[in-house]
Every structure is written in C-alpha cells, then in structure tokens.
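What follows is calculated from the coordinates using simple rules that are stated; it is not laboratory data. Owing to the predicted nature of the structure, the values given are computational and were not obtained by experimental measurement. Virtual Cβ from ideal backbone geometry, glycine too; neighbours counted across all protein chains shown.
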Amino acid sequence: MESIKRNSLLSPFAITGDELVAEAYTEIIYGNWGIAAKFEKYFPRGTYGKDLDLILFEFFVLGDTDWFTVPEKICLGRYSSKNKDLSVKIPVPKEVSLAVLNKDVQTVEDFLLNTFTTARNLICSRQSLKKLDFNFEKFKADYDLFLESLNKP
C-alpha cells in the first residue's frame, strides 16, 4: 500500500463516536471550514527545522457511542525524537458537532478559534521543545496568520 504524501507540518486525525459526529468532523476539516487546506497553506512541511516533522491534531469527537478515552481538556502528547512528532489531543463535545450540522457558524468558529489558540499556546510554551532544531518564531508568525484565517469565510 502506498502512503499518502503529507505536505504540511500539521495534520488532522479523528476518533469519532458515531457516524453523525464523523460527518461533522469531516465538514470542519475538509468541508466548509477547510482546516486541512489551511494547514497546507500556512504550515508547509520542511520549513521549520529538522527535529519536528509532524504535529498531529488528534480530535476525539464525542457522539452517542464513545468507545474511546477522551482527554478532559486540550493537552499535548509526548514528543518522539524517533518519529520527530508531537500530538495535540483535542476533545470535541457533541454540541460542537451538532452546531456544525445545524449550521451554527458562530459556535463552530468560537470552538475552532479557542481550540487552535490553546493548542498554539501549549506547543509554544513546552520547555522541552525549545531545545529542538525548530524555528519557533516562524511557526508562531505562521500560526498567527492561520488563526486570523479562521475568522474569514
């Protein structure tokens, strides 16, 4: 099986509680809000240094059948020097999924802005990451542009 080429430092992944919330996640990441496309636009792979190649945003999308353990709040996983990656674990309440499906744009945009702002702050404040060959200044500047884009249709 051929692997998928990844063009961005950031990448989304989801564990979903049911088909309905899976549809909402797909709409956020690949549909109307286009988060995956924005990741590629604002965070091109290979431009920040050699010690961090992937920041995986793990969305735990709550639904009717939650067979997985969900973090209480947004948190960082451990950095892997072998894989050169870091994960950001993000709980997504069912209310957000319902807001997506009901086209409650303001609720979804507030969630996205709060979520990605918190993630940025966690990544940039992790002291152990500061030792890496990684251009945090460029990352912060690009991340700020990404956050601004969340407020634009």
**Message:** Step by step: first the residues of segment 120-150, then only those that are closer than 27 Å to residue 34 by Cβ and touching a Gly at 6+ places or on another chain (Cβ under 6 Å), then the one that is surrounded by the fewest Cβ atoms within 10 Å (Cβ to Cβ). Which residue is that?
**Reply:** 135
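Among the residues of segment 106-143, write down those that are without any contact (Cβ under 8 Å) to a residue 12 or more places away in the chain and either farther than 15 Å from residue 9 by Cα or of a type in the set (Asp, Glu) (or both). Outline the logic, then answer.
Pass one, segment 106-143, residues without any contact (Cβ under 8 Å) to a residue 12 or more places away in the chain: 106, 110, 114, 121, 125, 127, 130-131, 137, 141.
Once the filter is applied, which keeps residues that are without any contact (Cβ under 8 Å) to a residue 12 or more places away in the chain and either farther than 15 Å from residue 9 by Cα or of a type in the set (Asp, Glu) (or both), segment 106-143 yields 106, 110, 114, 121, 125, 127, 130, 131, 137.
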**Residue satisfying all of: in segment 96-119; surrounded by 12 or more Cβ atoms within 10 Å (Cβ to Cβ) and charged (D, E, K, R); farthest from residue 74 (Cα to Cα) among these** = 104
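Tell me, which residue of segment 38-67 that is assigned to a loop (DSSP other than H, G, I, E, B) and among the β-branched types (Val, Ile, Thr) is farthest from residue 130 (Cα to Cα)?
Restricting to residues being assigned to a loop (DSSP other than H, G, I, E, B) and among the β-branched types (Val, Ile, Thr), the top hit is 65.
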**Message:** When you check residue 70 against the structure, is it surrounded by 13 or more Cβ atoms within 10 Å (Cβ to Cβ), assigned to a loop (DSSP other than H, G, I, E, B) and more than 12 Å from the chain's Cα centre (by Cα), yes or no?
**Reply:** yes
**Request:** Specify which of the listed residues (87, 80, 97) is of a type in the set (Gly, Ala, Ser) and under 16 Å from residue 34 (Cα atoms).
**Result:** 97
